[in-house]
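The next block holds one structure in the form of structure tokens; read it before the comments.
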Amino acid sequence: MYRPDTYDIHNSTLDSFAALFNSCESFPELTIRPIEQETGGNDGYLYLNNVRLFGFDWERRDNYFHNGVFPFPTLGQYERKIQKNNIELSIQCDSQGEVLVAGWHDDFRREEPVTRQIATSDPDSPQSNAVLRYTEHFHVYHYTTEMAQLKRDLLTALYNNFLDHTSFDSTADSGLLTEFARKFGNCPRCHSEMILRRNRNSGEWFLGCTGFPDCHTSISLR
Ligand SMILES: [Zn+2]
């Protein structure tokens, strides 16, 4: 995508954000990797222990935060790229690099896009149909002091989504599911490791003790 003037700033602010985000430790390890050129509406991807999750959108916005306060009740994503269903997470910074706002879409998939007329900066077509998606799942973070909190909040959202079984029901995500399963710790009865298993009939995930068949501990993830 052609980005006059702002492209260098866009990339450099994204790179410094990624460096700061990745320097905060977390378990499981959550990292972001920017991509060179915006692809399919994504500026980069989130990874959990090297398992790729989904894309995110990065924007640097002028005159968007007022004295460090984000003044809107919802975070809207109005880029037409939402039509491609690519963006699950939007992260935006102010021009001073002091404040971030991060919004994720109802734990990453469920909020429905809507079509609206919006004003554009193109003088030839000042109004344009655009697909928008609004979320109340956003927070404002101080750029330098609250990066670890952003990471914790994202992990919580991912974890809740995992418990809802909505996005991670494919075998490709089994590595990711295992990482979340590790958060539960070992079997409370025999202290063996708990591993993720799936009920063959219902398709539901549960944690089973590796001490099976001597130990029958299982933990429902409902
Ligand atoms: Zn056990």
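The values are calculated or read from the model by the stated rules, or taken from the named source; none is laboratory data. Given the structure is predicted, the values throughout are model-derived calculations rather than measurements. Using ideal geometry, Cβ is built from the backbone for each residue, glycine included, and neighbour counts are taken over all protein chains shown.
Here are a few things to note about the model shown:
- When Q83 is tested against (1) out of contact with any Asp or Glu (no Cβ under 7 Å at 6 or more places or on another chain); (2) at pLDDT 75 or above, only condition (2) is not met.
- Whether a residue is outside any strand (DSSP E or B), crowded, with 17+ Cβ neighbours inside 10 Å, assigned by TED's automatic domain parsing to the domain that holds N22 and modelled with pLDDT of 85 or more was assessed, and L154 passes this test.
- The set of residues in region 201-222 being modelled with pLDDT of 75 or more, farther than 19 Å from L158 by Cβ and of a type outside the set (D, E) consists of N201, S202, G208, C209, T210, G211, F212, P213, C215, H216, T217, S218.
- Of all the residues in region 86-95, those that are modelled with pLDDT under 80 and assigned to a loop (DSSP other than H, G, I, E, B) number 1.
- Residue that is nearest to the ligand (Cβ to nearest atom) [pool: residues in region 182-196 that are charged (D, E, K, R) and modelled with pLDDT of 75 or more]: R189
- Qualifying residue in region 157-177 (condition: small (G, A, S), modelled with pLDDT of 65 or more, touching a Phe, Trp or Tyr at 6+ places or on another chain (Cβ under 8 Å) and more than 16 Å from the ligand (Cβ to nearest atom)): yes
- Restricting P4, P73, P28 to residues that are surrounded by 15 or more Cβ atoms within 10 Å (Cβ to Cβ), at pLDDT below 85 and part of a loop (DSSP other than H, G, I, E, B) narrows the list to P28.
- Where N50 falls short, out of the listed (1) modelled with pLDDT under 80; (2) closer than 21 Å to Q149 by Cβ: (2)
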